[in-house]
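Step one of this worksheet: look at the structure below.
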Amino acid sequence: MAKTMKKQFLLSSFIFLFIFLLSACATSPTVPAVIDTPVSSATPLLVTTTPLIATETPILPTETPIPAPTAVPLERAQYTLYATLDYAAKTVEVEENILYPNQSGGILNDLLLAVEPNFWASGFILHELTVNDVAANYTLEGQRMTIPLTAPLEPNQNIQIKMRYTLNLPFAEQGDPSVTRARIYGYTNRQANLTNWYPFVVPRQNGAWLLPEPWHFGEHLVYDSVDYEINFKSTDPSVVLAASANAEPNAEWTRYTLKKGRAFVLSASPEFKVFTQQLGDITVYSYYYPLFEIPAQEVLNVTVKSIQLYSQIYGEYPHKSLTAVQGNFDDSMEYSAFYFHSLAFYNTYDGTAQNYLTFVSAHETAHQWFFESVASNQASDPWLDEMLCTYSERLYYESYHPEALNWWWAARMFDYNPTTWVDLVVSENPTERAYWGSAYFHGAHFVEELRVRIGEEAFFAFLKDYRARKAGQIATGEEFFRILREHTDVDFSDLTIKYFRMPR
């Protein structure tokens with residue numbers, strides 16, 4: 001193809017893709033109602049794959065090349081990865097390509113990437129790094145990889161980063177005191193979990209890169225919304241993979257495609273079984289270990305019902321799948337179209353709605369709206385997503401189990417401390433329970449009082465509008481209250497004084 005024809009073809013293809021990505025439809029605000037759509041019983045099955053053995057230093061297949069940089073500005077960054085898991089050796093060989101558009105509004109002289117696997121000795125071994133196909137210099141200290149650019153990156157220009165590296169997964173067996181709450185990443189005796197496993201360019205706000213330091217509890221990372229194509233395979237054909245997107249074949253690889261995602265996750269285990277439920281064009285998965293069929297079915301049912309309810313309250317669910325995975329650890333955690341569920345919740349499930357498995361399933365599903373669609377700074381503003389997701393549990397019980405609503409309020413607010421502030425930075429909390437009390441429980445009390453104060457119509461109209469206007473962005477507390485005040489003339493200043501340290 002001649003150079004001129006090739007440029008025209010690339011430009012036409014991009015324009016078509018750009019128009020397609022912008023064609024989203026908006027829905028009008030409605031007050032939530034109980035959804036009577038039955039959740040059918042799914043048949044458990046063991047998912048199997050037939051991956052091929054990887055070479056010692058895998059290369060990208062020539063039939064599916066990584067795209068080259070384009071001069072046309074991208075709407076958001078594009079991440080393409082080819083990764084091979086050696087489950088027995090607990091290693092992953094990765095080739096990663098990032099097409100990054102400078103949408104900061106200013107000139108960039110360097111890039112900052114988060115590299116979470118580097119928190120462990122020999123956890124991240126970089127073999128090759130290029131910028132626009134030229135070998136690049138970098139510094140790597142802890143989670144921070146800085147790449148100085150040889151030429152300034154102008155606004156709306158794109159840059160291509162390619163990396164080849166090895167991940168040596170850390171041992172993260174439950175109860176290991178060396179692994180903090182934020183580090184589900186690694187392997188146990190029953191599964192390997194890839195969370196925050198690839199380097200990614202962190203968001204840039206107000207002329208600075210946004211990469212807070214981790215704390216002993218809570219989360220610290222902030223994510224831009226990007227597009228993923230993950231090509232994955234395992235050297236062990238018995239390994240079952242759970243992921244942040246639906247699987248599709250791609251030659252010897254399994255390909256996962258996720259648009260407008262924050263954090264792509266995979267979990268692997270030779271023991272996994274799975275329940276599935278189709279909800280329109282959304283596939284819901286509940287991965288579990290043998291002997292946990294009953295709680296795993298409850299996780300599936302609650303997740304499906306939550307998607308239905310929250311889609312009415314907040315707006316359309318953002319992806320084509322949602323995967324819940326039984327963790328081999330006592331913790332639950334959300335990611336893009338994916339969440340881990342604490343082993344303890346499966347062990348203590350009693351077959352009723354009055355248990356942690358049920359309300360935490362509703363909570364983690366709500367994070368697909370607040371964390372995934374509308375992001376926030378999880379280190380400085382954890383209340384922005386945790387407050388709304390905790391209150392979403394109340395909406396779930398209000399709609400599906402009103403007889404258990406009073407039980408939920410008492411059980412969930414067990415550690416409620418009315419003297420704390422909602423808007424504390426994670427590190428300002430002396431303990432994890434204090435952190436729950438401020439961001440989760442005190443926040444839920446504020447939302448309850450706000451709902452009563454401004455009325456049902458204004459309350460639910462605000463929630464849907466807030467999600468719609470901040471979807472794909474990183475919200476702030478100031479924006480939350482600015483949008484709220486656009487929906488009501490009722491004075492609630494006494495509530496902000498009561499619950500928030502900073503003027504709101």
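Within a 10 angstrom radius of the beta carbon, how do TYR285, TYR138, TYR165 rank from fewest other beta carbons to most?
Least crowded to most crowded, the residues run TYR138, TYR165, TYR285.
Using each residue's phi in the stretch 341-358, evaluate 6.51 cos²θ - 1.76 cosθ + 1.60 at θ = phi - 60° and report the 3J(HN,Hα) Karplus result to the nearest Hz, with x for Gly and Pro.
Here the 3J(HN,Hα) series is 10, 5, 4, 4, 5, 5, 5, 9, 5, 10, x, 10, 7, 9, 7, 5, 4, 5 Hz.
Please name whichever of PHE414, HIS445, SER427 sits farthest to the positive end of the charge dipole of the stretch 392-499, dipole taken about the Cα centre and charges placed at Cβ: Lys and Arg +1, Asp and Glu -1.
Toward the positive end, the furthest listed residue is SER427.
Just how large is the dipole of the stretch 78-375 about the Cα centre, in debye to the nearest 20, putting +1 at every Lys and Arg Cβ and -1 at every Asp and Glu Cβ?
Value, rounded to 20: 200 debye.
Ordered by residue, what ³J(HN,Hα) values in Hz, to whole numbers, does the stretch 434-440 give under the Karplus form 6.51 cos²θ - 1.76 cosθ + 1.60, where θ = phi - 60° and Gly and Pro are x?
Rounded to whole hertz, the list is 5, 4, 4, x, 7, 6, 8.
Quick one: order ASP236, ASP350 by neighbouring beta-carbon count within 10 Å, fewest to most.
With the fewest neighbours first, ASP236, ASP350 line up as ASP350, ASP236.
I need the calculated FRET efficiency for the pair LYS259 and ASP350, taking r as the beta carbon distance and R₀ as 41 Å, to the nearest 0.05.
Step by step, r from the Cβ atoms, then E = 0.60.
I need the GluC sites (Glu not before Pro) found in the stretch 250-315, filtered to DSSP loop residues with at most 12 other beta carbons within 10 Å of theirs.
Nothing satisfies the criteria.
What is the log10 of I(q)/I(0) for the stretch 392-499, computed with the Debye formula using one identical point scatterer on each Cα and no solvent, at q = 0.15, 0.18 Å⁻¹?
Each listed q maps to, in turn, -0.75, -1.07.
Expressed as a whole number of Å, what is the distance separating the alpha-carbon centroids of the stretch 298-365 and the stretch 405-447?
So the two Cα centres are separated by 20 Å.
Could you derive backbone 3J(HN,Hα) for the stretch 304-314 from the dihedral phi with the Karplus parameters 6.51, -1.76 and 1.60 (θ = phi - 60°), listing whole Hz in sequence and x where the residue is Gly or Pro?
Working through the residues one at a time gives 4, 4, 5, 4, 4, 5, 5, 5, 6, 6, 9 Hz.
DSSP loop chymotrypsin sites (Phe, Trp or Tyr not before Pro) in the stretch 287-378 with at most 16 other Cβ atoms within 10 Å of their Cβ, which ones?
none
Spin-label point model (7 Å from Cα, Cβ direction): what's the VAL452 to THR283 distance in nm?
Between VAL452 and THR283, the label points sit 4.6 nm apart.
Collect residues whose amide H, placed 1.01 Å from N in the peptide plane, falls under 5 Å from the amide H of GLN157; neighbours closer than 5 in sequence don't count.
ASN102
Stretched out fully, how many nm does the piece from LYS320 to GLU432 gain, at 0.36 nm a residue minus the Cα gap?
Length gained between LYS320 and GLU432: 37.0 nm.
May I have the extent of the alpha carbons of the stretch 78-375 along their three principal axes, as whole Å values ordered from largest to smallest?
That gives 61, 44, 42 Å along the principal axes, largest extent first.
For a footprinting-style exposure proxy, rank MET502, MET145 by other Cβ within 10 Å, fewest first.
MET502, MET145
For q values of 0.13, 0.17, 0.22 Å⁻¹, compute log₁₀ I(q)/I(0) with the Debye formula on a Cα-only model of the stretch 293-437, without solvent.
-0.56, -1.00, -1.57
May I ask for the net charge around PHE272, where only other residues with Cβ less than 15 Å from the Cβ of PHE272 are counted and Lys, Arg are +1 while Asp, Glu are -1?
-1
Testing the spin-label approximation: label points 7 Å from Cα along Cα→Cβ at MET502 and ASN206. State their distance in nm.
Between MET502 and ASN206, the simple spin-label model gives 0.8 nm.
Nothing charged except the Cβ atoms of Lys and Arg (+1) and of Asp and Glu (-1): what's the magnitude of the dipole of the stretch 248-301 about its Cα centre? Round to the nearest 20 debye.
With Lys and Arg at +1 and Asp and Glu at -1, about 320 debye.
For ASN417, list long-range residues whose amide hydrogen, built 1.01 Å from N in the peptide plane, is under 5 Å from its own amide hydrogen.
Long-range HN contacts for ASN417: HIS442.
Only Lys, Arg, Asp and Glu count, each charged at its Cβ (+1, +1, -1, -1), so figure out the dipole size of the stretch 195-314 about its Cα centre, rounded to 20 debye.
For this selection, approximately 240 debye.
Hey, if you put +1 on the Cβ of every Lys and Arg and -1 on every Asp and Glu Cβ in the stretch 78-375, which of GLN354, TYR187, LEU266 ends up farthest toward the positive end of that dipole?
Of the candidates, GLN354 comes out farthest on the positive side.
Show me the three semi-axes of the equivalent ellipsoid for the stretch 101-243, from the C-alpha gyration tensor (sqrt of 5 times each eigenvalue), largest first, rounded to whole Å.
Semi-axes (√(5λ), whole Å): 29, 18, 14.
Could you tally the net charge around THR254, taking each other residue with its Cβ under 10 Å from the Cβ of THR254, Lys/Arg +1 and Asp/Glu -1?
Residues near THR254 contribute 0 overall.
Could you work out how far the C-alpha centroid of the stretch 472-489 sits from that of the stretch 123-140, in angstrom?
Centre-to-centre distance over Cα atoms comes out at 40 Å.
Read the figures in this text as sums done on the coordinates, not as results from a lab. This structure is a prediction, so every number in the text was calculated from the model and none was measured. Note that each Cβ is placed from the backbone with ideal geometry, even for glycine, and that neighbours are counted across all protein chains shown.
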